Amino acid sequence: AAEYSVAASEARWRPLASALNDAIADERFVIEAFAPDKLEDAILSRQLDFVLTEPGLQILMAHRIGLSAPLATLIDEQSSAYGGVIFTRQDSPLSNLQDLQDQRIAVMASNSFAGYQAQAYEFSLANLNLKTFAIIDTVGWPESRVIDEVLHKRADAGFLRTGALEELIAQGQLQASDIRILNKQRLPGYAYAASTHLYPQLAFSALPHVD
């Protein structure tokens with residue numbers, strides 16, 4: 001769902017624990033969900049044995065504490081990959097990345113892989129340092145906050161993961177005619193609008209203490 005909640009995440013992944021418990025009789029598996037800004041602390045404090053996380057955090061934790069290479073990556077009903085989208089209001093004069101100079105951009109968090117880091121990499125490919133090129137406004141979760149900032153003209157553009165806009169449109173919380181995608185990529189067969197390269201979805205890894 002576009003609106004993240006710990007309860008919804010736990011409900012989504014609870015069947016995985018049941019399947020693992022049925023398959024591996026001498027172990028007990030429990031699903032625990034964390035708010036996106038709390039997951040890194042849970043990994044660093046070794047509260048977990050395995051973790052399903054976005055690829056940016058997986059790479060960071062691999063370097064920092066020796067988190068394993070991914071044992072698997074997520075394939076959902078739409079795709080095995082995801083990325084970031086950059087959007088603005090339909091009536092905005094902005095048309096490309098260069099137009100975002102000195103503009104205010106709403107993001108959930110700068111440590112979000114598909115909600116900031118993937119977009120920042122696209123700017124770097126254009127020889128633009130996003131941190132100094134534009135004004136980054138961190139608004140936090142849920143993702144609809146980014147939408148609100150842009151539509152209410154408190155931000156000139158917004159960053160979100162691919163699929164978030166389409167989910168909000170399907171739920172009736174956003175009109176497709178209200179927004180326009182910047183740096184839109186041509187990705188035949190991909191279900192969502194994207195402004196960045198695509199990357200593997202959530203990675204499933206083991207913490208270093210796991211046999």
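Using heavy atoms of the protein chains and a probe of 1.4 Å, the accessible area assigned to Arg12 is about 140 Å². With a Förster radius of 45 Å applied to the beta-carbon distance between Ala62 and Lys153, the computed FRET efficiency rounds to 0.65.
How would you classify the stretch 1-141 from its alpha-carbon gyration tensor, with a ≥ b ≥ c the square roots of the eigenvalues: rounded for a/c under 1.5, else prolate if a/b is greater than b/c, otherwise oblate? Taking the square roots of the gyration eigenvalues as a ≥ b ≥ c, the stretch 1-141 is prolate. When the Cα positions of Tyr82, Pro36, Val51 are compared along the charge dipole of the chain, Tyr82 comes out farthest toward the positive end, with charges on each C-beta of Lys, Arg, Asp and Glu. DSSP finds beta bridges in the chain, and of those with both partners inside it, around 75 percent are antiparallel. Take the stretch 17-118 with all the other protein chains still there, run a 1.4 Å probe, and you get 53 Å² of accessible area per residue.
Residues Thr132, Thr138, Thr196, ordered by accessible area of protein heavy atoms at a 1.4 angstrom probe radius and largest first, appear as Thr132, Thr138, Thr196. What the stretch 157-211 shows is 50 Å² of accessible area per residue, with the surface traced by a 1.4 Å probe over protein heavy atoms.
Considering helices alone, the calculated mean residue ellipticity of the chain at 222 nm is -8000 deg cm²/dmol, with DSSP H runs of length four and up weighted by -39500 (n - 2.57) and normalised per residue.
The apolar share of the surface of the stretch 1-98, taken as the fraction of accessible area on carbon and sulfur atoms (1.4 Å probe, ligands and nucleic acids excluded), comes to 52 percent.
Among the trypsin sites (Lys or Arg not before Pro) in the stretch 177-211, those placed in a DSSP loop whose Cβ has at most 14 other Cβ atoms within 10 Å are Lys184, Arg186.
The values are calculated or read from the model by the stated rules, or taken from the named source; none is laboratory data. Quick caveat: nothing in here was measured; it's all calculated off a predicted structure. Every residue, glycine among them, receives a Cβ derived from its backbone with ideal geometry; neighbour counts consider all protein chains shown. To get the accessible areas, we keep the full protein, side chains included, count just its heavy atoms, and leave off ligands, DNA and RNA. Shrake-Rupley method; radii C 1.70, N 1.55, O 1.52, S 1.80 Å.
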